[in-house]
Amino acid sequence: MGIGSCFAVLRNGLFVFCALIASSAVAHAQATDLVAKGQYIFALAGGCACHTQPKGTPHAGARAFPIPFGTVYSTNITQDKETGLGVWTDQQIYDAMVRAIRHDGSRILPVMPYERYSGMSQEDMKALIAFLRTLKPVTKATPAFKSWVPFARSIGTPLFLKFFGNFANSPAQAPKSGIERGRYLVDHVSLCGDCHTPRNSLGVPNRSRYLAGAGKKIGLLGNAVPNITPDKQTGIGEWKRQDIAELLISGTKPDLDNVQGLMEEVIQGTPFGYKDMKKEDALAIADYLKSVPAIKNKIE
């Protein structure tokens with residue numbers, strides 16, 4: 001082989017090496033961007049605060065949720081391989097979030113808002129799962145479901161979904177701005193309706209009173225939940241869009257009082273929450289809330 005041929009081989013080899021390095025760098029940057037986007041979706045979802053006990057270890061689950069026929073506990077969503085999601089595949093996490101099926105094939109009770117998450121865009125869900133992969137493993141077993149109803153999970157859940165299920169279609173991409181962006185966040189990411197829409201004794205949302213709030217007897221975890229429709233007397237009809245956005249990000253009401261309880265948790269009770277929301281997304285939510293039908297429903 002002549003000197004010229006050797007140089008050609010070296011040059012080609014160097015080109016391939018550089019191309020591989022560049023490709024690796026691009027792939028790493030894309031993965032980093034995906035996780036960062038997933039972290040933001042996680043924040044928009046209130047830091048998935050249901051999976052954190054108040055003042056407990058973030059994301060380790062075991063939070064009790066009383067339901068009409070027992071008590072269910074939230075899952076450990078860290079990457080622990082024994083008690084968390086460490087051995088779950090991406091598809092299994094997806095199926096749990098939007099199809100109510102755990103990695104072992106068992107059913108997830110409708111306390112988990114998988115019906116709402118089923119409308120999350122495919123790109124947002126992919127990013128969210130990528131972020132969940134970064135949660136530091138915490139070994140904490142989830143207490144067993146307690147119920148006085150036989151086969152509540154295996155038979156009761158499919159029956160509940162058959163008669164009351166309301167799954168949505170997942171778009172490829174999420175709306176980027178405006179009222180449609182606000183509706184998407186309210187219904188499928190931030191899940192405002194999951195708390196602010198009253199439910200009947202079986203836990204079925206009363207969709208005719210969408211976002212109209214609930215008193216202590218029927219509010220989530222026994223908490224009164226405000227009416228956030230634009231009714232001027234009992235809702236937030238007198239609030240400016242900037243007031244709504246400010247509450248979402250800082251937890252401060254127009255009268256300078258601070259929110260408490262569950263709302264405080266989703267805003268700033270976990271490492272990521274509504275406090276990390278971009279102003280334009282907070283305003284999009286405000287604009288959507290201003291656009292929904294006003295419902296008169298005074299919450300004591």
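Structural remarks
- The residue that is farthest from the chain's Cα centre (by Cα), counting only those in region 209-228 that are assigned to a loop (DSSP other than H, G, I, E, B) and β-branched (Val, Ile, Thr), is Ile218.
- Of all residue pairs spaced 6 or more apart or on separate chains, those with beta-carbon atoms under 6 Å, a first member in region 204-217 that is in contact (Cβ under 8 Å) with a residue 12 or more places away in the chain and under 11 Å from Ile299 (Cβ atoms) and a second member that is open to solvent by 60 Å² or more (accessible area, probe 1.4 Å) and not charged (D, E, K, R) are Gly213/Pro226.
- Applying the set (1) farther than 30 Å from Trp148 by Cα; (2) open to solvent by 30 Å² or more (accessible area, probe 1.4 Å); (3) assigned to a loop (DSSP other than H, G, I, E, B); (4) not basic (Lys, Arg) to Glu123 leaves exactly one unmet item: (3).
One line per residue, one yes/no per condition, for (1) at pLDDT 90 or above; (2) assigned to a helix (DSSP H, G or I); (3) β-branched (Val, Ile, Thr):
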residue	(1), (2), (3)
Leu10	no, yes, no
Gly13	no, yes, no
Phe17	no, yes, no
His28	no, yes, no
Asp33	yes, yes, no
Phe42	yes, yes, no
Ala60	yes, no, no
Ile77	yes, no, yes
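So that you can scan it fast, the table gives a plain yes or no per residue for (1) under 30 Å from Asp287 (Cα atoms); (2) within 21 Å of the chain's Cα centre (by Cα); (3) among the small types (Gly, Ala, Ser):
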residue: Pro137; (1), (2), (3): no, yes, no
residue: Ala141; (1), (2), (3): no, no, yes
residue: Phe145; (1), (2), (3): no, no, no
residue: Phe151; (1), (2), (3): no, no, no
residue: Ile155; (1), (2), (3): no, no, no
residue: Leu161; (1), (2), (3): no, yes, no
residue: Phe167; (1), (2), (3): yes, yes, no
residue: Ser170; (1), (2), (3): yes, yes, yes
residue: Ala174; (1), (2), (3): yes, yes, yes
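- Residues satisfying the stated conditions in region 85-115, i.e. of a type in the set (Val, Ile, Thr) and in contact with a strand residue (DSSP E or B) (Cβ under 9 Å, 6 or more places away or on another chain): Ile101, Ile108, Val111
- Checking each residue in region 79-103 for being open to solvent by 40 Å² or more (accessible area, probe 1.4 Å), assigned to a loop (DSSP other than H, G, I, E, B) and β-branched (Val, Ile, Thr) picks out Val87, Thr89.
- Cross-chain or 6+ apart pairs with Cβ under 6 Å, region 91-105 first and without any contact (Cβ under 8 Å) to a residue 60 or more places away in the chain, then charged (D, E, K, R): Ala96/Arg102; Ile101/Asp95
- Restricting region 178-208 to residues that are under 19 Å from the mean Cα position of the chain (by Cα) and polar (S, T, N, Q) leaves a set whose member that is farthest from Gly165 (Cα to Cα) is Ser190.
- Residues satisfying the stated conditions in region 238-264, i.e. open to solvent by less than 30 Å² (accessible area, probe 1.4 Å) and in contact with a strand residue (DSSP E or B) (Cβ under 7 Å, 6 or more places away or on another chain): Gly251
- Per-region count, region 134-166, residues open to solvent by 40 Å² or more (accessible area, probe 1.4 Å), in a loop (DSSP other than H, G, I, E, B) and either touching a strand residue (DSSP E or B) at 6+ places or on another chain (Cβ under 9 Å) or without any contact (Cβ under 8 Å) to a residue 60 or more places away in the chain (or both): 12
- Scanning region 195-208 for residues that are assigned to a helix (DSSP H, G or I), at pLDDT 90 or above and touching a strand residue (DSSP E or B) at 6+ places or on another chain (Cβ under 8 Å) turns up at least one hit.
- Pair list, Cβ < 8 Å and 6+ apart or interchain, from region 58-78 residues that are polar (S, T, N, Q) to residues that are in a strand (DSSP E or B) and surrounded by fewer than 17 Cβ atoms within 10 Å (Cβ to Cβ): Thr71/Ala64; Thr71/Phe65; Thr71/Lys146; Ser74/Phe65
- Sole residue being open to solvent by less than 30 Å² (accessible area, probe 1.4 Å) and of a type outside the set (Asp, Glu), chosen from Gly222, Gly235: Gly235
The values are calculated or read from the model by the stated rules, or taken from the named source; none is laboratory data. Quantities reported herein were computed from a predicted structural model and do not represent experimental measurements. Virtual Cβ from ideal backbone geometry, glycine too; neighbours counted across all protein chains shown. Heavy atoms of the whole protein, side chains included, go into the accessibility calculation; ligands, DNA and RNA do not. Shrake-Rupley method; radii C 1.70, N 1.55, O 1.52, S 1.80 Å.
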